[in-house]
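Worksheet for the structure shown next.
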Amino acid sequence: MKKILTLAMLSAFALAANAQTEKGKTIAGGSIGYSNSKSNNDATESKQNSLTLLPSIGYFVKNNLALGLGIGYSRITEQNSEKTQYLLNQKNTTDYFMISPFIRHYVNISDRFKFFSQFSVPMKWGNLESATGTTSPAVSVAPASNSKTTSIGVSIEPGFAYFPTKRIGIQLSLDGLSYAWNKTENKNSKAVNKDNAFNLGTNFFAPKIGIQFHF
């Protein structure tokens, strides 16, 4: 009898844990990511702000395995200041339109908590505005410029999801492993610059917070 009760309890726990992420379910929601960094030395001061809004929708093709698509917006602002007899500032602002197909796999921790890992292919197209200014009117600076930007990459993100109800999941994820190919083309001079960026490591001060609805 005890074995039957134990088996029944384990079965009930498994069903409860998989209720939100079982095959045939749909998830819809999104995430918000924000980061702020600053570096300062005797010669220069640099600041960077990043904001990402990414609504998404997905479908569970298997228990705990979802395929989906995110479509959103991102803005990155960088400012560099040279500390000379005058203050020379350069500010770059990039606005991106984003498309990010993804695969997400959940691992049950309890009936309310799940760990997940997400593999995505973020693709971004946008506009970069660069402006330079100085506190000295006698110093000439380069005119403002506009450039087209393209970025295509892959990323793996770890995260946790908390389910206060069966239909709502609150998630927290962090950047993990990522690679991106970037291209910038000046709209006036037509000069093209290409580079590759590879990142490995997690920034605990730049989490992504989101909410998902499970149907």
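Computed from the coordinates by the stated procedures, all read-outs in this text should not be read as laboratory data. A quick note: this is a predicted structure, and the numbers were derived from the prediction, not measured. Positions of Cβ are backbone-derived with ideal geometry, glycine not excepted, and every protein chain shown enters the neighbour counts.
How much FRET efficiency would the formula 1/(1 + (r/R0)^6) give for I103 and E82, where r is the Cβ-Cβ distance and R0 is 30 Å, rounded to 0.05? Taking R0 as 30 Å, the efficiency between I103 and E82 is 0.10. With viscosity 1.306 mPa s and temperature 10 °C, the Kirkwood radius over alpha carbon pairs of region 33-127 converts through Stokes-Einstein to a diffusion coefficient of 98 µm²/s. At an R0 of 22 angstrom, the distance between the Cβ atoms of N196 and L53 translates into a FRET efficiency of 0.30. Our note on the geometry: Cα centres of region 106-132 and region 23-72, 4 Å apart.
Counting 0.36 nm for each residue step from N188 to K62 and taking away their Cα separation leaves a gain of 40.4 nm. Note on T26 and W125: their simple-model spin labels are 2.7 nm apart, each label 7 Å out from Cα toward Cβ. Length available on full extension from I152 to N36: 0.36 nm per residue minus the Cα-Cα distance, which gives 39.5 nm. In region 94-128, which residues have a backbone nitrogen under 14 Å from the label point lying 7 Å from W181's Cα in the Cα-to-Cβ direction? Backbone N within reach: 122-124.
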